[in-house]
């Protein structure tokens, strides 16, 4: 068995996520307490009580999802469950970097807090939208975006075969939704996000993160992490700070990242954090291998994995 951990990103959040884990496990409560001490944010109260509009603010969403994933990792660690390879969707890559030790817990948490603040506060004025297009391939989605006549829209998250997320201003994304339907998309679904993420519109946020990263220590990883930006494993030669700076403005190659994990021999995937979206992505990747797909988002699913 070769285990790979997967960590979800923004959009997977919901009020109450992880509450039963917090109530049952002292280790989970300790992680939430430590994050609150590092950030000044009462993550437990915000996550478990909301309100939803507060949780959905980028600056809050990112730290809340990260905290839940890191708390679950503590229980897995206690039970001797480790991964040789990990990857995360956008924000989730930070959970993977902290798990591997490339980022320390303390610096990783504070970095995600800053990232969320920059991505919320340094967005150009306007109405922004992200939307998942289902049932179209990369070339078709590129064509959809090229046909948009008003506004700004780009393909940004290549999640799995048949699911690609577009990002841009509201006018451009809504026109793209209409074009996609006309061209035969199976479905379009707007996401719970609040900015034109992974596009050039976040260049100011990317530059602010670059400045903050100057004082962050990068360590040698204890396990492999697959990058969103090119679906390759982080290596000693990589400029991790440059990659994380570019990560904000460049597309997420998650489908290719999952394929990379399969190529590296992963046969047991465990999704760690709210929802089970990434588990669904793996099922869309064609492979001859027999693979197991598990997810942990509450006490019941955690206990299944541990057993």
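Of all DSSP bridge pairs formed entirely within the chain, close to 55 percent run antiparallel.
Enclosing the Cα atoms of the chain in their convex hull gives a volume equal to 123 cubic angstrom per residue. Across all C-alpha atoms in segment 1-113, the radius of gyration and Dmax reach 13.1, 41 Å. GNM on the chain, C-alpha springs below 10 Å: top fluctuator among 52, 220, 237? Largest GNM mean-square fluctuation: 237. Stretched out straight at 0.36 nm per residue, the stretch from residue 304 to residue 150 would grow longer than its current Cα-Cα span by 50.5 nm.
Remark: C-alpha extents of segment 128-190 on the principal axes read 27, 20, 17 Å, sorted largest to smallest.
Here the sum of -39500 (n - 2.57) over DSSP H runs of 4 or more residues, divided by the residues of the chain, equals -14000 deg cm²/dmol at 222 nm, to the nearest 500. The P(r) of segment 253-302 has a tail past 18 Å containing 27 percent of all C-alpha pairs.
For the pair residue 288 and residue 15, a Förster radius of 35 Å applied to the C-beta separation gives a FRET efficiency near 0.30, rounded to the nearest 0.05. In terms of packing, defined here as the mean over residues of other Cβ atoms within 10 angstrom, the peptides 102-109, 262-269, 182-189 line up highest first as 102-109, 262-269, 182-189. Against the chain, whose longest principal axis is taken from its Cα atoms, helix 105-121 shows a tilt of about 30°. A Förster distance of 41 Å, applied to the separation of the beta-carbon atoms of residue 138 and residue 236, puts the FRET efficiency at 0.85. Note on the chain: GNM, Cα springs under 10 Å; of 260, 150, 170, the largest mean-square fluctuation is that of 150.
At full extension, residue 23 and residue 53 could sit 8.4 nm farther apart than now, given 0.36 nm per residue minus the alpha carbon distance.
Every read-out reported here was derived from the displayed coordinates using simple, explicitly stated rules and does not represent laboratory data. Quantities reported herein were computed from a predicted structural model and do not represent experimental measurements. As a convention, Cβ positions derive from the backbone with ideal geometry for all residues, glycine included, and neighbour counts pool all protein chains shown.
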